[in-house]
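Participant: The structure under discussion is supplied below as structure tokens; questions concerning it will follow.
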Amino acid sequence: MVLTDEVSRTLFGEYAAHRATDRGTEETGWLLLGLREADEAIVLATLPAGADRDAGEAHVRFNGVAQTIGYRVVWQFDRRLTQLGVVHTHPGTLRHPSDGDYDGDREWVPCLQGGEGVFGIGTLDRRGHDEPGGSETAVGGHPKPHVQTFGDLRFDWYSLAAGDKKYTPLNVEITIGPDLALPLRPVWGVIEDHADRLDRLARQMAKVRFEVGRGRDGPALGVVVGLGAPEQTLRVVLEGKTARYFYEAGGEVFHPDLPAGTAPDQGVYLILAELAARG
């Protein structure tokens, strides 16, 4: 398996940040996206478990709908991307997937391209380290072919193919490259707030794309819906709890006035209904 350097930094950086929160004793994790080659997997993107995850000290269930939206966004950048596997953390020192992990993974793996998945387990790796925030400089390590370390954090990597009775340690390499999902982090809360409705809209409308950009006061998620004519689009800009709607046609931009609190998909259909009524 090959990780890009930015993917590796994301995993270690967000794991460390998670531990510093009031939910730091819970498990957390990431969905891995990338390329499945004949003889290797190349990880190019990480989608976080999300603030709305269901998690405790012995389990984590990702916010799957938000990750579906994240997948849709990064797939726009590279349509070769597919799901490769998952990473999750253990609060103790169990450095391999548990029996419970296996029960779920063996059901999921046959659905993956190639019938094989990659799985990472994150744990603490003190080895004499001081508490985080000490004076030591964190340096990445590779003590075993399937193990990565950075400071007092560690990831152990495994593969599981359809029909396997156990996981196999998976050699990991690092190459220069991006985390294609990193630009989504500033708007991940917006994605989680509207995930169900955005997913429904993307399934019901043929020409929906997503953009991450700058709003009035900060990062914003744009939802662009293409209409029949080439120069006609509806655009929804989601920033924090605010949604703004725009109709673009013939080089002009109109700002439909919708009731406060209108959900993104509702707003799109209200505007479409108004356009249809006008003929």
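Participant: Where in region 167-279 are there strands (runs of 3 or more DSSP E), lying wholly inside it, with at least 1 residues that are not assigned by TED's automatic domain parsing to the domain that holds residue 72?
Facilitator: In region 167-279, the matching strands (runs of 3 or more DSSP E) lie at 208-214, 219-226, 233-239, 242-249, 252-254.
Participant: When residues of region 58-75 are filtered for being modelled with pLDDT of 95 or more and either touching a strand residue (DSSP E or B) at 6+ places or on another chain (Cβ under 6 Å) or more than 23 Å from residue 220 (Cβ to Cβ) (or both), how many remain?
Facilitator: Qualifying residue count, region 58-75: 6.
Participant: Residue by residue through region 42-57, note down the ones that are more than 20 Å from residue 193 (Cβ to Cβ), more than 8 Å from the chain's Cα centre (by Cα) and hydrophobic (A, V, I, L, M, F, W, C).
Facilitator: Of everything in region 42-57, those that are more than 20 Å from residue 193 (Cβ to Cβ), more than 8 Å from the chain's Cα centre (by Cα) and hydrophobic (A, V, I, L, M, F, W, C) turn out to be 42, 43, 44.
Participant: Sticking with this structure for a sec: Quick one: in region 229-253, which of the residues that are surrounded by fewer than 16 Cβ atoms within 10 Å (Cβ to Cβ) and of a type in the set (A, V, I, L, M) is modelled with the lowest pLDDT?
Facilitator: In this case the residue turns out to be 229.
Participant: A further question follows. Kindly check whether there is at least one residue in region 170-183 that is over 30 Å from residue 118 (Cβ atoms) and either hydrophobic (A, V, I, L, M, F, W, C) or in contact with a His (Cβ under 7 Å, 6 or more places away or on another chain) (or both).
Facilitator: no
One line per residue, one yes/no per condition, for (1) at positive phi; (2) buried (at least 19 other Cβ atoms within 10 Å of the Cβ); (3) under 12 Å from the mean Cα position of the chain (by Cα); (4) not acidic (Asp, Glu):
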position: 37; (1), (2), (3), (4): no, no, no, no
position: 59; (1), (2), (3), (4): no, no, no, yes
position: 64; (1), (2), (3), (4): no, no, yes, yes
position: 72; (1), (2), (3), (4): no, no, yes, yes
position: 84; (1), (2), (3), (4): no, yes, no, yes
position: 89; (1), (2), (3), (4): no, yes, no, yes
position: 97; (1), (2), (3), (4): no, yes, no, yes
position: 101; (1), (2), (3), (4): no, yes, no, no
position: 104; (1), (2), (3), (4): no, no, no, yes
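Participant: Kindly indicate whether residue 113 is under 23 Å from residue 223 (Cα atoms) and either surrounded by fewer than 16 Cβ atoms within 10 Å (Cβ to Cβ) or not assigned by TED's automatic domain parsing to the domain that holds residue 175 (or both).
Facilitator: Spelling it out, it is not the case that residue 113 is under 23 Å from residue 223 (Cα atoms) and either surrounded by fewer than 16 Cβ atoms within 10 Å (Cβ to Cβ) or not assigned by TED's automatic domain parsing to the domain that holds residue 175 (or both).
Participant: So which residues in region 77-101 are at pLDDT 95 or above and either in a helix (DSSP H, G or I) or of a type in the set (Gly, Ala, Ser) (or both)?
Facilitator: 85
Participant: Further, regarding this structure: Regarding region 193-215, can at least one residue be identified that is at pLDDT below 95, surrounded by fewer than 17 Cβ atoms within 10 Å (Cβ to Cβ) and closer than 16 Å to residue 238 by Cβ?
Facilitator: Yes, region 193-215 contains a residue that is at pLDDT below 95, surrounded by fewer than 17 Cβ atoms within 10 Å (Cβ to Cβ) and closer than 16 Å to residue 238 by Cβ.
Participant: Residues of region 64-121 being small (Gly, Ala, Ser) and within 17 Å of residue 159 (Cβ to Cβ), which ones?
Facilitator: Hits for region 64-121 are 85, 98, 104, 114, 115, 117, 120.
Participant: Residues being within 18 Å of residue 21 (Cβ to Cβ), small (Gly, Ala, Ser) and either out of contact with any helix residue (DSSP H, G or I) (no Cβ under 7 Å at 6 or more places or on another chain) or not in a loop (DSSP other than H, G, I, E, B) (or both): count how many of those fall in region 35-57.
Facilitator: Number of matching residues: 3.
The values are calculated or read from the model by the stated rules, or taken from the named source; none is laboratory data. Please read these numbers as outputs of a predicted model, since none were measured by experiment. Using ideal geometry, Cβ is built from the backbone for each residue, glycine included, and neighbour counts are taken over all protein chains shown.
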